[in-house]
Amino acid sequence: MNGDQQRNSIYDSLGKFSNQLAEMTSELADLTKQLNNVLAQNAELTIENDHLQQAIKKLRDQRGEQQLSTGRRTLNELYHQGFHVCRKHFGERLAPHESCIFCDEAIFSGINDQQKQ
């Protein structure tokens with residue numbers, strides 16, 4: 001290869017590299033936008049989840065947890081410490097902010113019957 005061909009080859013390689021870098025920069029910008037959207041959605045869902053958890057707690061308090069028997073109060077405490085108390089998953093850890101209708105049923109079944117008496 002003579003000097004001119006080498007220079008052209010170097011310029012061609014530099015041009016390709018420049019184009020690839022521009023494409024990667026564009027992809028990075030797109031990924032950054034997507035990440036920002038996901039983070040914003042996650043924040044909204046976290047706030048909504050917190051509000052729902054507060055509403056559930058308020059409803060549970062209104063249902064009269066103080067009328068639970070000692071055994072059911074113990075189950076309720078275990079449940080609030082993050083453990084399943086239902087037959088299906090007994091003793092397994094709850095995921096953060098997870099609730100289980102089977103556990104609620106195990107703890108609160110029969111409360112409405114007791115309140116009627």
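Kindly establish whether Ile47 is part of a helix (DSSP H, G or I), within 17 Å of Cys103 (Cα to Cα) and aliphatic (A, V, I, L, M).
Answer is no for this residue.
Among the residues of region 82-91, are any in a helix (DSSP H, G or I), over 20 Å from the mean Cα position of the chain (by Cα) and surrounded by fewer than 12 Cβ atoms within 10 Å (Cβ to Cβ)?
Scanning region 82-91, I find no residue that is in a helix (DSSP H, G or I), over 20 Å from the mean Cα position of the chain (by Cα) and surrounded by fewer than 12 Cβ atoms within 10 Å (Cβ to Cβ), so the answer is no.
Please give the number of the condition Ser18 fails out of (1) open to solvent by 60 Å² or more (accessible area, probe 1.4 Å); (2) touching a residue at least 12 places away in the same chain (Cβ under 8 Å); (3) among the small types (Gly, Ala, Ser).
Ser18 satisfies all of (1) open to solvent by 60 Å² or more (accessible area, probe 1.4 Å); (2) touching a residue at least 12 places away in the same chain (Cβ under 8 Å); (3) among the small types (Gly, Ala, Ser) except (2).
Need the failing condition index for Leu21 against (1) under 22 Å from the mean Cα position of the chain (by Cα); (2) at pLDDT 85 or above; (3) part of a helix (DSSP H, G or I), just the number.
Going through (1) under 22 Å from the mean Cα position of the chain (by Cα); (2) at pLDDT 85 or above; (3) part of a helix (DSSP H, G or I) one by one, Leu21 breaks only (1).
The values are calculated or read from the model by the stated rules, or taken from the named source; none is laboratory data. As the structure is a prediction and not an experimental result, all values here were calculated from the model. Note: ideal-geometry Cβ built from the backbone for every residue, glycine included; neighbour counts use all protein chains shown. Side chains included, ligands, DNA and RNA excluded: accessible areas come from the protein's heavy atoms. Shrake-Rupley method; radii C 1.70, N 1.55, O 1.52, S 1.80 Å.
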